[in-house]
1. Return yes when A:H34 is assigned to a loop (DSSP other than H, G, I, E, B) and more than 14 Å from every other protein chain (Cβ to nearest Cβ) and no when it is not.
2. For the range A:197-222, give me each residue that is of a type in the set (D, E, K, R) and in a strand (DSSP E or B).
3. Pick out, from the range B:1-112, the helices (runs of 4 or more DSSP H) lying fully within it that include 3 or more residues that are within 14 Å of chain A (Cβ to nearest Cβ) and under 21 Å from B:R142 (Cα atoms).
4. So if I check each of B:D47, B:D70, B:D83, which one is touching a Leu at 6+ places or on another chain (Cβ under 9 Å), among the acidic types (D, E) and closer than 17 Å to A:S102 by Cα?
5. So in the range A:67-83, with the set limited to residues that are among the hydroxyl-bearing types (S, T, Y) and within 14 Å of chain B (Cβ to nearest Cβ), which one is nearest to A:R145 (Cα to Cα)?
6. Could you list all residues from the range A:107-121 that are of a type outside the set (S, T, N, Q), outside any strand (DSSP E or B) and either farther than 15 Å from A:I64 by Cβ or within 14 Å of chain B (Cβ to nearest Cβ) (or both)?
7. So which residues in the range B:37-64 are without any contact (Cβ under 8 Å) to a residue 40 or more places away in the chain and closer than 20 Å to A:H57 by Cβ, if there are any at all?
8. (1) touching a Ser or Thr at 6+ places or on another chain (Cβ under 8 Å); (2) within 21 Å of B:A28 (Cα to Cα); (3) of a type in the set (K, R): which one isn't true of B:K145, the others all being true?
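The values are calculated or read from the model by the stated rules, or taken from the named source; none is laboratory data. Since the structure is predicted, the reported quantities are computational estimates derived from the model, not experimental observations. Cβ coordinates were reconstructed from backbone atoms using ideal geometry, including for glycine residues, and neighbour counts include every protein chain displayed.
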Amino acid sequence: MITLRLAEERGHADHGWLNSYHTFSFANYHDPKHMGFRALRVLNDDRVAPGRGFGSHGHRDMEIISYVLEGSLAHKDSTGTQEVLEANMVQAMSAGTGVIHSEFNGSAKQPVHFLQIWIEPAEMDVEPSYQQFAYDPAEKKGRLRLIAGPDKTTAEPAAFIHQDARMYASVLAAGDFLEQPIVKSRHAWVHCAQGNITLNGRALKEGDGAAISDESALQITGVGPAGGEFLVFDLA
Amino acid sequence: MSDNKATPVNVVVVFYSRYGETEQLALAAGVGAVQAHANIRLRRLKDLADPETIARDPRWAENLERMNRDYIAPREIDVDWADVILVASCSDSLRETEKYVEALLATPGRNDRLLIVPLIDSPGDRLASAREQARKAVENARKLKT
């Protein structure tokens, strides 16, 4: 079963400095029918004006992943971390017992476009931690590139999260195809980040999502003119 | 424990800082409040000094520019939202926080359950102490609410 979550039906908040679309309930957007999917709790599609950002605020017991599509994001937190994140880099923060952090557009001229993802942890009260890594964009072309998961060791660098969930990124050129089997009884979420794809024959444009349950495989094709960039979540 | 966590406690950490030291104390208190399962807001009080005085002190001006990006000043809706206001004062000037707390106490119709807790900048591990003070304040507020 595939249930589409269309981009235009998402929650939306335009604060001027921040233009945010919420796939699931977040902040002032609350819809009991869209409180998340399995352990995936938040998927925000954010554009932040140059020099602006989110002032210091707290988090607890949440795995927070930032995926930059364009521009740069400057991060600072109470674990002492201070980093700048750009496209083809990933940041993951385990809030655990509690962190305070701020995120600002790292550029005074260019807007930043990024996805913020919250995954509920299986384990509460873990020691707060921060991870960041860069990867070669070629690694996500035509295949699923693991971004975050529960495995302590992975073939490619990936963020460790405290949940039985995996997040992958991929870019498919127009006409390119990939197939990913789904382990029986597991679920998936697909989010089209940019461009166009088809998922098991259904069209997804930028901002569209899909909940997938009781399916044996994902069949994804890049659609013209430019293909698409998307995230796949493998969820218990 | 789970019953405790179910009672939401809202904490506003109000601080005045010039060079970032009191800001660190406020951030530590914020972490302590988050650790105690509170919702938090961090708010920096505006300087009472005039802009010329600040401009003559580059370290102050530099930190001010940074903090102005990161924090807004406390608003009335923050006070309405709060169960606890933790106040961190700057050793270089107490006037900002004193004035704020005086005005807060003088506000008619203010929630009389609101806890106003001054943070004590203790010798030793001042950040650990601030975290602990915040945790205790959250626990006290939670007791009052249940």
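1. Yes.
2. If the condition is that a residue be of a type in the set (D, E, K, R) and in a strand (DSSP E or B), then A:R202 is the only one that fits.
3. B:2-6, B:21-35, B:76-81
4. The match here is B:D70.
5. A:T81
6. A:A108, A:K109, A:P111
7. B:N39, B:I40, B:L42, B:R43, B:R44
8. (2)
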